[in-house]
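Visitor: Shown below is the structure under consideration.
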Amino acid sequence: MFPRGKADGVAPRQRSWLRPGEHAIVTGGSSGIGLATAAALADRGAVVSLLARGSERLESAAAWLRRRGAVAVHTAVADVTDRAQVTRAVEGLVRAAGPCAVLVTSAGQSRPGRFLGLPDEAFTGLVEVDYLGTLWPIRAVVPQMVARGRGTVVTISSVAGLIGVPGYSAYGAAKFAVRGLSEVLRGELAPHRVRVACVFPPDVDTPQLAAERRWRPVETDAVSGTIAPLRPEVVAARILAGVDRGRPVICVDRIGGLLARFGGVLAPLLRRYVDHRVGGALLGAASGVRGSRRGAGRWRGGAGGSGRPARSHRARRGERGAAGGPRRRTRRESV
Ligand SMILES: NC(=O)C1=CN([C@@H]2O[C@H](COP(=O)(O)OP(=O)(O)OC[C@H]3O[C@@H](n4cnc5c(N)ncnc54)[C@H](OP(=O)(O)O)[C@@H]3O)[C@@H](O)[C@H]2O)C=CC1
Ligand SMILES: CCCCCCCCCCCCCCCC(=O)[C@@H](N)CO
């Protein structure tokens with residue numbers, strides 16, 4: 001999708017996107033991937049600004065960065081869903097620390113759940129925080145970046161923004177939007193020498209991951225459980241390495257890399273994989289309660305152990321929509 005090489009729109013390899021003393025703003029910088037990325041930027045001599053809602057977490061994050069040797073750390077309290085607040089906060093940070101050379105938009109939230117179990121507010125809320133909460137900070141810094149002919153914007157999508165992961169209808173759609181915005185902006189801003197990169201992490205061991213566990217349906221775990229959660233420091237190091245290489249798409253693990261490059265071609269295979277994992281998970285959950293053997297035949301398919309139900313079974317499942325396993329689960333929905 002984004003082949004390497006200059007001719008394909010990948011910027012030349014360079015480290016100079018961040019010079020010591022330059023100003024990097026990190027939304028969601030008080031925790032998780034944002035804080036780890038702020039630390040990595042500070043290690044390279046950047047003046048870092050953290051932006052988030054909670055002032056206490058912001059201050060303790062800033063204190064931690066200072067203790068580990070950051071040259072200068074600024075903080076701003078703002079809700080990224082509020083355009084006016086974000087603009088004011090960014091203006092204040094720029095007055096204090098200079099023009100923004102690097103923006104990392106890591107503020108975000110997730111709310112997994114089955115589509116029918118999710119409240120409407122999950123959909124509107126995640127578009128606000130994950131999509132608009134990415135857009136507003138970008139809108140606040142890009143005019144100055146374009147005017148200066150210099151700047152780097154790093155957005156955080158997710159592997160759930162590359163492929164449809166069951167359980168992430170609200171979250172995944174917002175993360176797909178982040179990816180779409182990033183791809184359009186890359187092309188538009190490249191002539192102004194403003195670089196845009198979008199990051200696609202799998203599960204990362206952060207407070208957000210811990211918080212979403214209580215909502216995650218079994219089938220989401222079954223699909224994403226393939227990949228062990230990464231540490232935020234690892235993600236941060238790979239983000240910087242990706243920007244060093246001028247990558248517009250930054251994957252932090254092998255599977256993400258595979259999906260970003262060949263997701264389109266692999267789509268039929270992926271759907272089979274997803275159906276297999278979802279089927280297995282729902283069956284597991286059902287047999288735990290009912291010990292259903294009939295279900296086993298239906299979801300596991302016939303001989304061959306391909307994990308794919310035989311054609312007649314698939315046809316029957318198709319007829320009945322998401323019947324069988326899924327329907328039996330409704331009363332025990334976790335959302
Ligand atoms: N952890 C994971 O498994 C993965 C995470 N991601 C994405 O990475 C990004 C960072 O996630 P992660 O580090 O795990 O999350 P954390 O929960 O660790 O940190 C989230 C940060 O965002 C801030 N934040 C949340 N809502 C708002 C808001 N409305 N306005 C301003 N700041 C806000 C939080 O501070 P406060 O609450 O005080 O505002 C906090 O600083 C998110 O976009 C997430 O979707 C992508 C793939 C995997
Ligand atoms: C042939 C190739 C095999 C394909 C395997 C597919 C594996 C898909 C993994 C999906 C992981 C989704 C993680 C979302 C993380 C996230 O954003 C949330 N944790 C945020 O809180």
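Visitor: Counting only residues that are touching a Leu at 6+ places or on another chain (Cβ under 8 Å), give me the helices (runs of 4 or more DSSP H) lying completely in segment 31-142 with at least 2 of them.
Guide: Numbers: elements: 32-43, 55-67, 83-97, 120-126.
Hits in segment 31-142: 32-43, 55-67, 83-97.
Visitor: How many residues, within segment 40-86, are more than 15 Å from residue 108 (Cβ to Cβ) and either modelled with pLDDT under 95 or touching a strand residue (DSSP E or B) at 6+ places or on another chain (Cβ under 8 Å) (or both)?
Guide: So the count comes out to 21.
Visitor: Among the helices (runs of 4 or more DSSP H) contained in segment 160-264, which hold 2 or more residues that are within 25 Å of residue 277 (Cα to Cα)?
Guide: 169-189, 207-212, 218-224
Visitor: Among the residues of segment 145-157, what is the count of those that are out of contact with any Leu (no Cβ under 9 Å at 6 or more places or on another chain) and at negative phi?
Guide: Filtering segment 145-157 for residues out of contact with any Leu (no Cβ under 9 Å at 6 or more places or on another chain) gives 147-150, 156-157.
Keeping just the survivors that are at negative phi gives 147-148, 150, 156-157.
Qualifying residue count, segment 145-157: 5.
Visitor: Pick out the one residue from 214, 231, 193 that is surrounded by fewer than 19 Cβ atoms within 10 Å (Cβ to Cβ), under 19 Å from residue 121 (Cα atoms) and not hydrophobic (A, V, I, L, M, F, W, C).
Guide: Checking each option against the conditions leaves just 214.
Visitor: Select from segment 28-73 the residues that are within 16 Å of ligand 2 (Cβ to nearest atom) and touching a helix residue (DSSP H, G or I) at 6+ places or on another chain (Cβ under 8 Å) and list them in ascending order. Working first, answer last.
Guide: Of the residues in segment 28-73, the ones within 16 Å of ligand 2 (Cβ to nearest atom) are 28, 31-37.
Scanning segment 28-73 gives 28, 31, 32, 33, 35, 36, 37.
Visitor: Now for a separate question. Out of 234, 194, which single residue is within 17 Å of residue 105 (Cβ to Cβ), hydrophobic (A, V, I, L, M, F, W, C) and modelled with pLDDT of 95 or more?
Guide: Numbers: 234 fails: within 17 Å of residue 105 (Cβ to Cβ).
Only one candidate passes the filter, namely 194.
Visitor: Might you let me know whether segment 143-159 holds any residue that is in a helix (DSSP H, G or I), surrounded by 20 or more Cβ atoms within 10 Å (Cβ to Cβ) and in contact with a Cys (Cβ under 9 Å, 6 or more places away or on another chain)? Outline the logic, then answer.
Guide: Of segment 143-159, the ones in a helix (DSSP H, G or I) are 143-148, 159.
With surrounded by 20 or more Cβ atoms within 10 Å (Cβ to Cβ) added as a condition, the list becomes 145, 159.
Next, from what is left, pick out any that are in contact with a Cys (Cβ under 9 Å, 6 or more places away or on another chain): 145, 159.
Among the residues of segment 143-159, at least one is in a helix (DSSP H, G or I), surrounded by 20 or more Cβ atoms within 10 Å (Cβ to Cβ) and in contact with a Cys (Cβ under 9 Å, 6 or more places away or on another chain), which makes the answer yes.
Visitor: Going through 158, 169 one at a time, which residue ends up being within 16 Å of ligand 2 (Cβ to nearest atom), at pLDDT 95 or above and either within 16 Å of residue 239 (Cα to Cα) or not hydroxyl-bearing (Ser, Thr, Tyr) (or both)?
Guide: Details: 169 fails: either within 16 Å of residue 239 (Cα to Cα) or not hydroxyl-bearing (Ser, Thr, Tyr) (or both).
Exactly one residue qualifies, and that residue is 158.
Visitor: Let me ask something else about it. Would you mind finding the one in 59, 91, 121 that is assigned by TED's automatic domain parsing to the domain that holds residue 151, within 12 Å of ligand 1 (Cβ to nearest atom) and open to solvent by 60 Å² or more (accessible area, probe 1.4 Å)?
Guide: Working: 91 fails: within 12 Å of ligand 1 (Cβ to nearest atom); 121 fails: within 12 Å of ligand 1 (Cβ to nearest atom).
Step by step, each of 59, 91, 121 is checked, and only 59 is assigned by TED's automatic domain parsing to the domain that holds residue 151, within 12 Å of ligand 1 (Cβ to nearest atom) and open to solvent by 60 Å² or more (accessible area, probe 1.4 Å).
Visitor: So which residues in segment 70-85 are within 16 Å of residue 55 (Cβ to Cβ) and open to solvent by less than 60 Å² (accessible area, probe 1.4 Å)? Walk me through how you get there before you give the answer.
Guide: Initial filter on segment 70-85 (within 16 Å of residue 55 (Cβ to Cβ)): 73-80, 82, 85.
Passing the criteria: 73, 74, 75, 76, 78, 79, 80, 82.
Visitor: Find the residue count for segment 30-42, including only residues that are more than 14 Å from residue 234 (Cα to Cα) and of a type outside the set (A, V, I, L, M, F, W, C). Can you show your working first?
Guide: First pass over segment 30-42, keeping only residues more than 14 Å from residue 234 (Cα to Cα): 30-31, 42.
Adding the requirement that they be of a type outside the set (A, V, I, L, M, F, W, C) leaves 30-31.
Going through segment 30-42 one residue at a time, the tally reaches 2.
Visitor: Sticking with this one: Could you count how many residues in segment 102-118 are within 14 Å of ligand 2 (Cβ to nearest atom) and either open to solvent by 30 Å² or more (accessible area, probe 1.4 Å) or free of Cβ contacts under 8 Å to residues at least 24 places away in the same chain (or both)?
Guide: Of the residues in that region, 2 qualify.
Visitor: To continue, here is another question. For residue 222, indicate whether it is hydrophobic (A, V, I, L, M, F, W, C) and under 16 Å from residue 160 (Cα atoms).
Guide: On the way: hydrophobic (A, V, I, L, M, F, W, C): yes; under 16 Å from residue 160 (Cα atoms): yes.
In short, yes.
Visitor: Considering each residue of segment 200-219, count those that are among the polar types (S, T, N, Q) and out of contact with any Pro (no Cβ under 8 Å at 6 or more places or on another chain), and give that number. Break it down stepwise before answering.
Guide: We begin by selecting, within segment 200-219, every residue among the polar types (S, T, N, Q); these are 206, 208.
Now drop any that are not out of contact with any Pro (no Cβ under 8 Å at 6 or more places or on another chain), which leaves 208.
Result for segment 200-219: 1.
Visitor: Which of the residues spanning segment 238-262 are over 12 Å from residue 199 (Cα atoms), open to solvent by less than 60 Å² (accessible area, probe 1.4 Å) and more than 16 Å from the chain's Cα centre (by Cα)?
Guide: Let us first name the residues in segment 238-262 that are over 12 Å from residue 199 (Cα atoms), namely 244-246, 254-255, 258-259, 261-262.
Checking the rest, the ones that are also open to solvent by less than 60 Å² (accessible area, probe 1.4 Å) come to 244, 246, 259.
Scanning segment 238-262 gives 244, 246.
The values are calculated or read from the model by the stated rules, or taken from the named source; none is laboratory data. All values derive from a computational prediction rather than experimental measurement. Note that we place each Cβ from the backbone using ideal geometry, even for glycine, and neighbour counts take in every protein chain shown. Accessible surface is based on the protein model in full, side chains and every heavy atom, while ligands, DNA and RNA are left aside. Shrake-Rupley method; radii C 1.70, N 1.55, O 1.52, S 1.80 Å.
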